[in-house]
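The values are calculated or read from the model by the stated rules, or taken from the named source; none is laboratory data. These numbers come from a predicted model, not from an experiment. Using ideal geometry, Cβ is built from the backbone for each residue, glycine included, and neighbour counts are taken over all protein chains shown. Keep in mind that these areas ignore ligands, DNA and RNA; they rest on the heavy atoms of the full protein, side chains included. Shrake-Rupley method; radii C 1.70, N 1.55, O 1.52, S 1.80 Å.
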Amino acid sequence: MRWLLFLLTTLVFAPGVYAEVETKQVIQQQLADGSLDSAEDSVEEWVKKEPENAEAWHTRGVVMAQQAQNAFFSAMSYAGKSVDSFEKAVELAPDSIKYRRALMQFYLMAPSIAGGDDEKALAQIEKMMALDPAQGALAKVGYFRKHEKMTEAESLLEETIAAHPDNADVLLYAGLQKQRAEEFDAAFTLFERAKAGVSDDGSAVSMALYQIGKTAVLAESHIDAGIAALNNYLEKASLENLPEPHWAQFRKAQLLALKGDTETSEQLLAELKGVDDKELQEQLAQ
């Protein structure tokens, strides 16, 4: 079920995914608490009450995908419900990149027995390209990477950067690829460009600030620039769909320690001891 883990990482665990409406907040909390059956009951009630609500069906797809990951005998049944839900969301809101991306990722990552289909994934990518050439191109880069066509992926990504030099989403994506490859200088350059770029909702610009700080930690360089970027990130009024402020504070504390300011670093880390975030607490314990 590694494909489901990848899908869920993309669709579920981004902070604030369900932060807009009270029903979504309830489901988000249920997922975070591991109360999957409660989340399933909540989302089923939601689609029953609002059968024409694309976001409700998209959320049902996410919940059913997580149920499939945690099930055994009923995993395929939940996978079927997940893809059916993503398809319904696209049917109701065909111009939504968000819903088409989720459906494309399911087709791409799931095995054929669970509903995966490369041809259907490519069809969604073509639709995305017609709606938003930059987002469609990034989806196709992901398709190439999934099939280990790294030369094609790199070539298309470079073409996309050239065609959309101020698109913060494109620059952020490229920066993250360089960061994962530990090409930190190249990642810094791309994130710096992204923070000065343009994105529809501004989230890519804000994420670039966070990634500058994180990359400074990983590279143990550009420390002052990393601290400045994290301070800027923490000043943002809205951090929806982005890492929580306590993660930025944790990265800042790491950079201060690298800079030799252990006293301030330890003060910041002490403030994080009570934060309800399992992954953060594991990092602090190390």
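Dipole magnitude for region 128-211: computed about the Cα centre from +1 point charges on Lys and Arg Cβ and -1 point charges on Asp and Glu Cβ, it is near 180 debye. Just checking the listed ones, Ser82, Ser206, Ser112: in the Gaussian network model of the chain with Cα springs under 10 Å, the one fluctuating most is Ser112. The Kirkwood hydrodynamic radius of region 34-130, based on inverse pair distances between different Cα atoms, is 13.4 Å. Here the dipole of region 84-143 is about 200 debye; that uses its Cα centre as origin and unit charges on the Cβ of Lys and Arg (positive) and Asp and Glu (negative). Against the chain, whose longest principal axis is taken from its Cα atoms, helix 150-163 shows a tilt of about 70°. With the charge dipole of the chain set up from +1 on Lys and Arg Cβ and -1 on Asp and Glu Cβ about the Cα centre, the Cα lying farthest toward the positive end among the listed residues Ala93, Ala228, Ser77 is that of Ser77. What's the Cα-based Rg to Rh of region 177-286, Rh via Kirkwood? Answer for region 177-286: 0.96.
Of the solvent-accessible surface of the chain, computed with a 1.4 Å probe and all protein chains present, 48% belongs to carbon and sulfur. Roughly how many Å² of Arg145 are accessible to a 1.4 Å probe, to the nearest 10? Near enough 80 Å² of accessible area.
Relative contact order, whole percent, for the chain stands at 11, derived from Cα pairs under 8 Å and 6 or more residues apart. Charge dipole (Cα centre; +1 on Lys/Arg Cβ, -1 on Asp/Glu Cβ; no other charges) of the chain amounts to roughly 380 debye. If one takes the longest principal axis of the Cα atoms in the chain, at what angle in degrees, from 0 to 90 and to the nearest 10, does the Cα axis of helix 75-92 lie? For 75-92 against the chain, the angle is about 90 degrees.
Per residue, the accessible area of the chain comes to 50 Å² when a 1.4 Å probe rolls over the protein heavy atoms.
Rg and Dmax of the chain, based on Cα coordinates, read 19.8, 57 Å. In terms of packing, defined here as the mean over residues of other Cβ atoms within 10 angstrom, the peptides 269-279, 225-235, 165-175 line up highest first as 165-175, 225-235, 269-279.
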